[in-house]
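The values are calculated or read from the model by the stated rules, or taken from the named source; none is laboratory data. Worth saying up front: this structure is predicted, and the values here are computed from it rather than measured. We place every Cβ from the backbone using ideal geometry, glycine too, and count neighbours over all the protein chains shown. Heavy atoms of the whole protein, side chains included, go into the accessibility calculation; ligands, DNA and RNA do not. Shrake-Rupley method; radii C 1.70, N 1.55, O 1.52, S 1.80 Å.
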Amino acid sequence: MEEMPLAAKTPSIVEIRTPTGKVYLLEGEKRSVLVDALNDWYEKKIIRSIRQRGEDAPGRVKLILLTHGHLDHFGGAPGLKRRLGCLIAIHQMDVEGPRMGRNLPLSTRNGWERLTKPFVSRIRAEPFEPDVMLEGDEGSLSDYGVEAKWIRTPGHTEGSISIVFPGETAIVGDLVVGRFNAPRKPAYPLWVKDPAPVRDSVRRVLEYGPKTLLTGHGGPLDADEVRRFFDRR
């Protein structure tokens, strides 16, 4: 099963799953926003999943909103833009990733990251210039038909953002992820130089009172369990 409704209220949140990560379709009354784009080899799968939402669903997508400037989240954006006829947005502090068509510089804190960094750093994607540059620490998605708010949540990258639906749900990209061997248990993401900003950003997200955190990898995560995880660190 490729898609799973995660919220019944407007906007509805539809999870599109792949073997290496997830994107989320935020469906407003008349327009939609796609959160993240994965690598370019998932383009057909994502388009197919959007079409399953209705014959006119692809035309309702007005924006691809990128949570941060790592290739496994932005690599498929140019192809999806051509297929959907929409705009692409990313925070200005992470724009160099898409412009270069490669990952932003990766920090390493353990042996696994040091071992895999040379391979990950060699991967390339189609460079592109985003249409919308997010600035500051927060903003609304209402202009794109979705009643939600983005907030800057640095830690994984400087320009990482999360999307919050107060009192309900938050989409956090790679700010926090599910453990590899226990996807419903919270863990720090890879490539974090300093854990302190991650903890600060997670606490900012939790101030909006979400019950569930939707992640780019693993999850969904229970917000209370995430709070306990970071309070212990």
For the stretch 129-202: accessible area per residue (Å², 1.4 Å): 43
Roughly how many Å is it from the Cα centre of the stretch 12-33 to that of the stretch 167-189, as a whole number? 16
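Evaluate the relative contact order of the stretch 56-130 (contact order divided by residue number), counting alpha-carbon pairs under 8 angstrom at least 6 apart; express in whole percent. Write out the running numbers ahead of the final one.
On the way: 98 pairs, mean separation 25.1, N = 75.
Across the stretch 56-130, relative contact order equals 33 percent.
Can you pull out the GluC sites (Glu not before Pro) in the stretch 7-90 whose DSSP state is coil and whose Cβ has at most 13 other Cβ atoms within 10 Å? Spell out each step's value before the answer.
Values: sites: Glu15, Glu27, Glu29, Glu43, Glu55; in loops: Glu29, Glu55.
Of the GluC sites (Glu not before Pro), the ones in loops of the stretch 7-90 whose Cβ has at most 13 other Cβ atoms within 10 Å are Glu29, Glu55.
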Non-local amide H neighbours of His91 (under 5 Å, H modeled in plane, Pro and chain starts lacking H): which ones? Leu134
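Rounded to the nearest 5, what % of DSSP beta bridges with both residues in the chain are antiparallel? Intermediate results must be reported in sequence, preceding the final value.
Details: 28 of 41 bridges.
Within the chain, antiparallel bridges account for around 70 percent of the total.
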Accessible area expressed per residue, the stretch 3-93, with surrounding protein chains retained (probe 1.4 Å, Å²): 40
With x for Gly and Pro, the residue-by-residue ³J(HN,Hα) of the stretch 91-108, computed from phi through the Karplus equation 6.51 cos²θ - 1.76 cosθ + 1.60 at θ = phi - 60° and given in whole Hz, is 5, 4, 6, 10, 5, 5, x, x, 4, 8, x, 8, 5, 4, x, 9, 8, 10
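How high is the relative contact order of the chain, in percent, counting Cα pairs under 8 Å that sit 6 or more residues apart? Display every interim value, and only then the final one.
Working: 530 pairs, mean separation 35.9, N = 233.
15 percent.
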Percent of all Cα-Cα pairs per 10 Å bin for the stretch 29-81, counting from 0 up to the last occupied bin, reads 26, 56, 17, 1
Whole-number percent relative contact order across the stretch 155-233, with pairs defined as alpha carbons under 8 Å at least 6 apart: 36
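So what is the calculated 222 nm ellipticity per residue for the chain, using -39500 (n - 2.57) for each DSSP H run with n of 4 or more, over all residues, to the nearest 500 deg cm²/dmol?
On the way: 8 runs with 63 residues, N = 233.
For the chain, the value works out to -7000 deg cm²/dmol.
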Give the ranking of Ser201, Ser140 by solvent-accessible surface, highest area first, calculated with a 1.4 Å probe. Ser140, Ser201
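Normalise the Cα radius of gyration of the stretch 1-106 by 2.2 N^0.38 Å (N = residues in it) and let me know the number. Display every interim value, and only then the final one.
Working: Rg = 13.1 Å, N = 106, 2.2 N^0.38 = 12.9 Å.
The reported ratio for this selection is 1.02.
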Note down the accessible area of Val120, probe 1.4 Å, to the nearest 10 Å². 30
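By the gyration tensor of its Cα atoms, with a ≥ b ≥ c the square roots of the eigenvalues, what is the shape of the stretch 143-233: rounded for a/c under 1.5, prolate for a/b over b/c, or oblate? Kindly include the intermediate steps, with their values, before the conclusion.
On the way: a/c = 1.55, a/b = 1.29, b/c = 1.20.
Prolate shape, in that a/c is at least 1.5 and a/b is the bigger ratio.
Considering all projection directions equally, how large on average is the shadow of the alpha-carbon convex hull of the chain, in square nanometres? List each step's numbers first, then the result.
On the way: hull surface 45.5 nm².
Taking the Cα atoms of the chain, their convex hull projects to 11.4 nm² on average.
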Give the total of Lys-Lys pairs in the chain with Cα-Cα distances below 17 Å; include a pair only if its members are 8 or more places apart or on different chains. 14
Multiply the residue separation of Asp200 and Arg179 by 0.36 nm, subtract the distance between their alpha-carbon atoms, and state the gained length in nm to one decimal. 5.6 nm
Scattering profile of the stretch 105-199 at q = 0.18 Å⁻¹ [log10 I(q)/I(0), Debye over alpha-carbon scatterers]: -1.04
Go through the stretch 166-182 residue by residue and turn each phi into a ³J(HN,Hα) via Karplus (6.51, -1.76, 1.60, θ = phi - 60°); whole Hz please, and just put x for glycine and proline. x, x, 10, 9, 9, 9, 10, x, 10, 4, 9, 10, x, 4, 4, 9, 8
Express in nm, to one decimal, how much length is gained between Ser12 and Leu87 on full extension, taking 0.36 nm for each residue of separation and deducting their alpha carbon distance. 25.0 nm
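Taking loop as defined by DSSP and a crowding limit of 16 other beta carbons within 10 Å, which chymotrypsin sites (Phe, Trp or Tyr not before Pro) in the stretch 135-202 fit?
Values: sites: Tyr144, Trp150, Phe180, Trp191; in loops: Phe180, Trp191.
Answer in residue order: Phe180.
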If the chain between Val120 and Glu147 were fully stretched, how many nm would it gain, using 0.36 nm times the residue separation less the Cα-Cα distance? 6.2 nm
Any idea how far the Cα center of the stretch 51-115 sits from the one of the stretch 117-137, in Å? 7
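Heavy atoms only, probe 1.4 Å: what % of the accessible area of the chain goes to carbon and sulfur, would you let me know? Intermediate values should be presented prior to the final figure.
Values: 5390 of 10720 Å².
Of the solvent-accessible surface of the chain, carbon and sulfur hold 50 percent.
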